[in-house]
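Q: Sharing a structure here in structure tokens format.
The values are calculated or read from the model by the stated rules, or taken from the named source; none is laboratory data. As the structure is a computational prediction, the values presented were derived from the model and not from experiment. Counting neighbours? That spans all protein chains shown, and the Cβs are built from the backbone with ideal geometry, glycine included. Please note that ligands, DNA and RNA were not included when accessible areas were found on the heavy atoms of the full protein model with its side chains. Shrake-Rupley method; radii C 1.70, N 1.55, O 1.52, S 1.80 Å.
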Amino acid sequence: MAGGKADNSKSKANTKGKEKEVKKETKLGLSVKKDDNFGEWYSEVVVNGEMIEYYDISGCYILRPWTMSIWEVMQAFFDAEIKKMNIKNCYFPLFVSPGVLQREKDHIEGFAPEVAWVTKSGNSDLDVPIAIRPTSETVMYPYYSKWIRGHRDLPLKLNQWCNVVRWEFSNPTPFIRSREFLWQEGHTAFASKTEADAEVLEILELYRRVYEEFLAVPVIKGQKSELEKFAGGLYTTSVEAFIPNSGRGIQGATSHCLGQNFAKMFEINFEDDKGEKAMVWQNSWAYSTRTIGVMVMVHGDDKGLVLPPKVAALQIIVTPVPYKDANTQAILDTCAATVSTLNAAGFRAEADLRDNYSPGWKYSHWEMKGVPLRLEIGPKDLEKKQVRAVRRDNFAKTDIAIDGLVEKVKEMLDDIQQSLFNSAKLKRDACVVVAKTWGEFAEALGQKKLILAPWCNEEEVEKDVKARTKGDMGAAKSLCSPFDQPELPEDTLCFASGKPAKKWTYWGRSY
Amino acid sequence: MGALTLRLTSLTSIFAASSSVRPSLLRRRSRPLSLPIRRPLVSNLSAQSTAAEKDAAPEIAGNQKARVSEQAITPRSQDFNAWYLDVIASAELADYGPVRGTMFIPYSFIEKEASHVEGFSPELALVTVGGGKELEEKLVVRPTSETIVNHMFTQWIHSYRDLPLMINQWANVTRWEMRTKPFVRTLEFLWQEGHTAHATSEEAEEEALQMIDIYTKFAYEQAAIPVITGRKSRVETFAGASKTYTIEAMMGDRKALQAGTSHNLGQNFSRAFATQFTDENGQRQHVWQTSWAVSTRFIGGIIMTHGDDAGLMLPPKMAPVQVVIVPIWKKADEKAGVLNAASSVKDVLHVAGIKVKIDDSDQRTPGWKFNFWEMKGVPLRIEIGPRDVSSGSVVISRRDVPGKQGKVFGISMDASVLVAYVKDKLDEIQLSLLAKATAFRDSNIVDVTSYDELKEAISQGKWARGPWSASDEEELKVKEETGATIRCFPFEQPKGEKTCLMTGNPAAEVALFAKSY
């Protein structure tokens, strides 16, 4: 393992490397429990799990290979799916001129305070400062205007994988809120609203699959309120996750229908099939490296990361358990053979054959890194032609016959993937509280719940809810109105305004 | 005008394909394919300038939505620079952005390695304002990541057991260039940059050589570009490197393009950043490092190697569309039959793993479509008309062989015949592009034995190859007087005694001189 070093403390082995390294064993593990201080736990787990390295610039994080391989798995899935939808990849520049940035007013009001500016090249000042993209609507749409002329140029469907920068000052958190992050942003234009509407949901379904099928995180699909929708858009849909430990909702990914607002600003017109001039209907949609933070928060435990097998850089770690007088070489050989069998079967497996760490140290190390399955091979296993399998999610131990290894391992990984999702869903569901009155709402909010409440769907009322819940913990807001609506009896009243309720909406504090 | 928008679904997919499959963590012996670039210490800006580029900049706000095939391409032989810009605009490869074309590095990092900061300083983009506030320390938008990487390596590397440490990232980087050219020199570009740390000098050297080897293979086998691989002169070595290896490609105008580089960084960065490890004997040592990169510049190389007056010419292995099918009908009652046949041909090829597209729009004439897809560089075109339908055959034209010579009639639609034929032709085109580029390259390299001969060759626009053991000053003099630089000391060297073309002293190697991008 390149970079495989559990100890992130500043002390380095200065002399007699070997001795010192062994001593580091004592420093393994987390100093904080997830239930005791969730924030601290999170900071520690992303660093000790070797996902993140803190950097000299606050709010910027180095994404280590352990993180990038997870990102690449999600990227491979999503990229293939959107290609099936005939969406093409492209790359637009990082830099935006101030004029273009300010083109769409509502939009830029949302982003202006967070923009970072390049003002110098080398030692000379630039004539005009150049902005770094916070998102690419205003970068891309002038070209949509150029490229789209007739209905035959539609739909135009582009996506890019890139980095964006939002210079926020509020508490930075790895993955969840960082000044630079990676994402995909899709931007599409259609001749009709019907087509745009359909795509919004098609993409949202892919986001649900990223979370539920890959990250094993349950999400709720729904529509954002007017207050919470994307600035300048028509409506916003999202997948919402919930972090039981902090009692906060988190917007997992968004799929926006922009309507024709941007088309109007950027003059994205086309001649329709009757020869008449019309404006396009647009969508934009994105998910970012935030997904990884959600996964860490949902599954991690007091021993460190817990990675779902589907995204884990390493699914199986094989460790030798040599004893005195045992045939060490035979054990090492079996470890190596086991790894090659597993790799040949398509699993991501490695053996940790380092001789300067004890088996116990290795267990802790790979548990910290969240590897889903550990296979231990000792003299007795050798004798019985078996390996001992230990699951990361529940620490269940099973002896597996070498003969049926591949099938059994596959079964176990599938089961781990499913169990992670099931248990996350149970925990999430246990946090959901239905509140029909302000009293119930306030109480549930105090208990850090995910609140489902009947709402009149008025913007003023949401503002009022925000004002009334303001405090150290941050105000409550609407998370989404789920597509899957429970029945709403006719005379149901809004929990906040007492007016007739129009729909069920999820509320809570959020990231 | 320098920021580029990559439209290339094609070429971005080339990058993406390898990135999605490859783990970012390179293991020893893994041989990933990658793509280009590093600027040398002495920057060699081409003399060609920006006038043409300015003309090519689109007016975004206006209604001048000039369309692809209605634009004439400047003939390549007439003005290579204008041809290049026309091809890019016409083939929908890139559009100029409205600005000049983490990512964030604290300025203090960049300063640590003295020659490094010297090499990059004028090209650094600095962020001084963020979120409406003046920043305490100005931040550099990464021009390359050696300094960040060393910062990380210093924290991650403790003992010899942590070595080799090998990472790669696919990223955007920024160099604030005064003269830009699409793909070749842009303010922002995409690349992969690999960075490795080793316990010994030998291992680092081996790694640097291995990577330039992979780049060479990539150029020949995928891009059909016959690059010349070699070592940079001291003057042209990357800022902060001990040795720079390079692949040099000859463009259609016979200028050289540095298409990929691999650097043996020695201990220069590890000393500056105190990146040390404890060796097997318990001694503290500085690590030995390499870095290597290929960028979107390579795409410019493909265009300028293979393109012709009809537009792009993409090597089949890199083309996003390898075969375009153009159905042809005159009368309405012919249409259904022709489209049916076209569609089944498409299916047959698609199933066989060939990247195929059908252009069945009824708005454009077949002739227009022929030109359009030639412009986009699609290697093979299949035409299907009513007569072909009745005879159960198709007409196939090669992009690389113009006119009737490249056209073959009566290829059976029968799946087994057609698939075999198309695959065979694609392979043939791939090889033929390489052969043609190789012949062009070889006919434009002159062996020289004196400075006069060198000057003569360069003035004819050719590359000069001659023995060299002269000083850095003399190398700079050549540059000043002829505009040519040493592109590399090729790995492949002629045998026998050599005397330096400049000084007459004994020379161990020949060097390759050329004007470059």
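Q: List every residue whose amide H lies under 5 Å from the amide H of B:I325, counting only residues 5 or more places away in sequence or on a different chain, with H placed 1.01 Å from N in the peptide plane.
A: Answer set, sorted by chain and number: B:K357, B:I358, B:D359, B:I382.
Q: Can you list residues whose amide H is under 5 Å from B:D308's amide H, if they're 5+ apart or on another chain and H is modeled 1.01 Å from N?
A: B:M313
Q: Now for a separate question. Between A:R209 and A:D491, how high is the FRET efficiency from 1/(1 + (r/R0)^6) when r is the Cβ-Cβ distance and R₀ = 51 Å? Nearest 0.05.
A: Numbers: r = 38 Å, r/R0 = 0.75.
With R0 = 51 Å, the Cβ-Cβ based efficiency is 0.85.
Q: Provide the per residue accessible area, probe 1.4 Å, for the protein assembly as shown, rounded to a whole number of square angstrom.
A: On the way: 40150 Å² over 1028 residues.
So the protein assembly as shown comes to 39 Å² accessible per residue, rounded to a whole number.
Q: Something else about it: Could you tell me the relative contact order of chain A? Use alpha-carbon pairs under 8 Å, at least six residues apart, and round to a whole percent.
A: Numbers: 988 pairs, mean separation 70.9, N = 511.
Value for chain A: 14 percent.
Q: Hey, can you list the DSSP H helices of chain A whose Cα span along the axis is 20 Å or longer and whose average Kyte-Doolittle score is at least -1.0? Please list the in-between numbers first.
A: On the way: long enough: A:65-84 (28 Å, -0.03); A:193-209 (24 Å, -0.51); A:328-344 (24 Å, 0.70); A:405-431 (39 Å, -0.40).
TM-like helix candidates: A:65-84, A:193-209, A:328-344, A:405-431.
Q: Then there's this: What is the distance in Å between the Cα centres of region B:243-264 and region B:424-443?
A: If you average the Cα positions of each part, the centres end up 19 Å apart.
Q: Take B:E136 and A:E109, extend 7 Å from each Cα along the Cα→Cβ direction, and tell me the distance between the two endpoints in nm.
A: Distance between the two pseudo-spin positions: 3.4 nm.
Q: Protein chains only, probe 1.4 Å: how do A:R152, B:R76 rank by accessible area, largest first?
A: On the way: A:R152 130, B:R76 55 Å².
Reading off the accessible areas and sorting them downward yields A:R152, B:R76.
Q: Given a cut-off of 24 Å, name the pairs among A:K470/B:K133; A:K88/B:K404; A:K463/A:K499 whose C-alpha atoms lie farther apart than that in the structure shown.
A: Values: A:K470/B:K133 27 Å; A:K88/B:K404 34 Å; A:K463/A:K499 15 Å.
A:K470/B:K133; A:K88/B:K404, as the Cα separations exceed 24 Å there.
Q: Using the reciprocal of the averaged 1/r over all distinct C-alpha pairs, how large is the Kirkwood radius of chain A in Å?
A: Numbers: mean 1/r = 0.0394 Å⁻¹.
After inverting the pairwise mean of 1/r, the radius is 25.3 Å.
Q: Under the 0.36 nm per residue contour assumption, what length would be gained going from the current alpha-carbon distance of A:A467 and A:V47 to full extension? Please report the intermediate quantities before stating the final value.
A: Details: separation 420, 0.36 × 420 = 151.20 nm, distance 3.62 nm.
So the extension gain works out to 147.6 nm.
Q: Among A:Y61, A:Y511, A:Y141, what's the order by accessible area (1.4 angstrom probe), most exposed first? Mind dumping the intermediate values first?
A: Details: A:Y61 30, A:Y511 55, A:Y141 0 Å².
Final ranking, largest accessible area leading: A:Y511, A:Y61, A:Y141.
Q: Report, to the nearest whole %, how much of the accessible area of region A:169-309 belongs to carbon and sulfur atoms, 1.4 Å probe, protein only. Intermediate results must be reported in sequence, preceding the final value.
A: Numbers: 1990 of 4210 Å².
Its accessible area is 47 percent carbon and sulfur atoms.
Q: Between B:Q210 and A:S192, what is the FRET efficiency for a Förster distance of 41 Å, r being their Cβ-Cβ separation, to the nearest 0.05?
A: Working: r = 54 Å, r/R0 = 1.31.
Between B:Q210 and A:S192 the formula returns 0.15.
Q: Helix-only mean residue ellipticity at 222 nm, chain A, DSSP H runs n ≥ 4 weighted -39,500 (n - 2.57), per residue, nearest 500. What is it? Spell out each step's value before the answer.
A: Details: 15 runs with 172 residues, N = 511.
Calculated at 222 nm, the ellipticity per residue is -10500 deg cm²/dmol.
Q: Mind checking how much accessible area B and A bury in total, 1.4 Å probe, in Å² rounded to 100? Could you put the intermediate results ahead of the total?
A: Numbers: alone 22790 and 23500 Å², together 40150 Å².
Counting protein atoms only, the buried area is about 6100 Å².
Q: Can you give me the C-alpha center-to-center distance between region A:225-255 and region A:171-218, rounded to a whole angstrom?
A: 11 Å
Q: For region A:450-511, what class follows from the C-alpha gyration tensor (a ≥ b ≥ c being the square roots of its eigenvalues): rounded when a/c is under 1.5, otherwise prolate if a/b is larger than b/c, else oblate?
A: Values: a/c = 2.60, a/b = 1.52, b/c = 1.71.
In terms of gyration-tensor shape, oblate.
Q: Follow-up. What's the Kirkwood radius of region B:275-339 in Å, using all Cα pairs?
A: Numbers: mean 1/r = 0.0559 Å⁻¹.
Computed over region B:275-339, the radius equals 17.9 Å.
Q: Sticking with this structure for a sec: Put A:S31, A:S497 in order of accessible area, largest first, 1.4 Å probe: what do you get? Please report the intermediate quantities before stating the final value.
A: Numbers: A:S31 95, A:S497 45 Å².
Result of the area sort, largest leading: A:S31, A:S497.
Q: Between A:L227 and B:R271, how many nm apart are label points set 7 Å from Cα along the C-beta direction?
A: Taking the simple label geometry, A:L227 and B:R271 are separated by 6.2 nm.
Q: B:S432: accessible area at probe 1.4 Å, nearest 10 Å²?
A: Near enough 40 Å² of accessible area.
Q: Once fully extended, how much extra length lies between B:R284 and B:E453, figured as 0.36 nm per residue of separation less the alpha-carbon to alpha-carbon distance? Could you put the intermediate results ahead of the total?
A: On the way: separation 169, 0.36 × 169 = 60.84 nm, distance 5.20 nm.
Gain on stretching B:R284 to B:E453: 55.6 nm.
Q: Which shape class, rounded, prolate or oblate, goes with region B:103-254 when its Cα gyration tensor gives a ≥ b ≥ c as root eigenvalues, a/c under 1.5 marks rounded, and past that a/b bigger than b/c marks prolate? Walk me through the intermediate numbers first.
A: Numbers: a/c = 1.99, a/b = 1.18, b/c = 1.69.
It is oblate, given that a/c is not under 1.5 and a/b is not larger than b/c.
Q: Probe radius 1.4 Å, ligands and nucleic acids ignored: give me the carbon and sulfur share of the accessible area of region B:99-239 as a rounded percent.
A: Details: 1960 of 3930 Å².
The computed percentage sits at 50.
Q: Identify the residues of region A:388-420 with backbone N under 18 Å of a label point that sits 7 angstrom from the Cα of A:A80 along the Cα-to-Cβ direction, or state none.
A: A:414
Q: So what is the orientation-averaged projected area of the protein assembly as shown, using the convex hull of its C-alpha atoms, in nm²? Intermediate results must be reported in sequence, preceding the final value.
A: Values: hull surface 183.3 nm².
Averaging across all directions leaves 45.8 nm² for the Cα convex hull.
Q: How much length is gained if the chain between B:A415 and B:E334 is pulled fully straight, taking 0.36 nm per residue apart and subtracting their Cα-Cα distance, in nm to one decimal? The partial results should precede the final answer.
A: Values: separation 81, 0.36 × 81 = 29.16 nm, distance 2.26 nm.
That pair, B:A415 and B:E334, stretches by 26.9 nm at full extension.
Q: OK, next. Roughly how many Å² of A:E81 are accessible to a 1.4 Å probe, to the nearest 10?
A: Roll a 1.4 Å probe over it and A:E81 shows about 30 Å².
Q: I need the phi-derived Karplus couplings for region A:175-184: 6.51 cos²θ - 1.76 cosθ + 1.60, θ = phi - 60°, integer Hz, Gly and Pro marked x.
A: 6, 6, 9, 10, 6, 10, 9, 9, 7, 10
Q: Can you tell me the FRET efficiency between A:K410 and B:S390 if r is taken as the Cβ-Cβ distance and R0 is 51 Å, rounded to the nearest 0.05?
A: On the way: r = 53 Å, r/R0 = 1.05.
So, using R0 = 51 Å, E works out to roughly 0.45.
Q: Then there's this: Tell me, what HN-Hα J-couplings in whole Hz come from the Karplus equation 6.51 cos²θ - 1.76 cosθ + 1.60 at θ = phi - 60° for each residue of region B:470-479, using x for Gly and Pro?
A: 7, 7, 4, 4, 5, 5, 5, 5, 4, 4
Q: Now a separate question. Collect residues whose amide H, placed 1.01 Å from N in the peptide plane, falls under 5 Å from the amide H of B:V446; neighbours closer than 5 in sequence don't count.
A: Counting only residues 5 or more places away or on other chains, the set is B:W463, B:A464, B:R465.
Q: Between rounded, prolate and oblate, where does region A:315-402 land on the alpha carbon gyration tensor, with a ≥ b ≥ c its root eigenvalues, rounded for a/c under 1.5, else prolate if a/b exceeds b/c?
A: Note, shape of region A:315-402 comes out rounded.
Q: Got a sec to turn the phi values of region B:278-292 into Karplus ³J(HN,Hα) couplings, 6.51 cos²θ - 1.76 cosθ + 1.60 with θ = phi - 60°, whole Hz, x for Gly and Pro?
A: 8, 7, 4, 9, x, 8, 7, 9, 7, 6, 9, 10, 9, 8, 7
Q: Straight-line reach from A:K397: which lysines have Cα under 23 Å away, leaving out those fewer than 8 places along the same chain?
A: Leaving aside lysines fewer than 8 places away in the same chain, those within reach of A:K397 are A:K303, A:K310, A:K362, A:K369, A:K380, A:K384, A:K385, A:K408, A:K410.
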